[in-house]
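Contents: one structure, followed by commentary.
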Amino acid sequence: MIAKRWVRGLVGGVIAVGALAGCEVPPPPEAAPGPTAPVRAPSASRPTQPDRSTQPEAQPCPEGGVRLRESGGDAAMGLRLASLALVNCGTEPYVLDGYPELRVLDRQGAPVEVSAATGTNGVTTSVTGVEAAPRKMTLRPGAEATFSMVWRNTVTDATVPAVEGWEVEVVPRPGAPRVRLRLTQPVDLGNTGRLGYGPWIERDAR
């Protein structure tokens, strides 16, 4: 009797073990794919290139091959003296002879009412540089020439509006394109309506 029970227990254990062996065990999850190539840090030996979209471009040379710039000034007791420089920014020599042709413009670019003439034009009897004798000169590329302007900031009639010029327009030589310059300080003529200017004087650009 005991032997039969032992046989039945043994058979039952074998069947249980077989059943467990026949069960499907799910496979472990696949590992996440790794990078196909190593990621490299930026090389310290290659400097970062500047963003040229934010870099200021060099000022282009105007069509005529010259440009204007302010070149200093002085003011004393209402008498004003200012100089403008014409720079040869082109690649060819530039010939000047005598005086420029000059116009003074307001903030909106309209001509102001002023008598502009060579020499002191009755503005002063002092020596200011506008009395220099005109002469012919040739500016090599990079060289410049200056001319001076003189005027008074005086109000002689309270009923006449004071005049200010904020831009100058210059014809450097007959037939040349006009060159304009926006000023940082105005030609404050008051209501004198008179301005004198001198000839071109050559000097090297600095």
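Placing 169, 164 in order of accessible area, with the largest value first and a 1.4 Å probe, yields 164, 169. Taking the Cα atoms of region 71-206, the ratio Rg/Rh between the radius of gyration and the Kirkwood radius comes to 0.97. Relative to the compact-globule estimate of 2.2 N^0.38 Å, the Cα radius of gyration of region 138-206 comes out at 1.38. Rolling a 1.4 Å probe over the heavy atoms of the protein chains gives region 59-206 an accessible area of 53 Å² per residue. Summing Cβ point charges (Lys, Arg +1; Asp, Glu -1) relative to the Cα centre of region 100-169 gives a dipole of roughly 360 debye.
The values are calculated or read from the model by the stated rules, or taken from the named source; none is laboratory data. Values in this document were obtained by computation on a predicted structure and should not be read as measured data. Cβ coordinates were reconstructed from backbone atoms using ideal geometry, including for glycine residues, and neighbour counts include every protein chain displayed. The accessibility values were calculated without ligands, DNA or RNA, using every heavy atom of the protein model including side chains. Shrake-Rupley method; radii C 1.70, N 1.55, O 1.52, S 1.80 Å.
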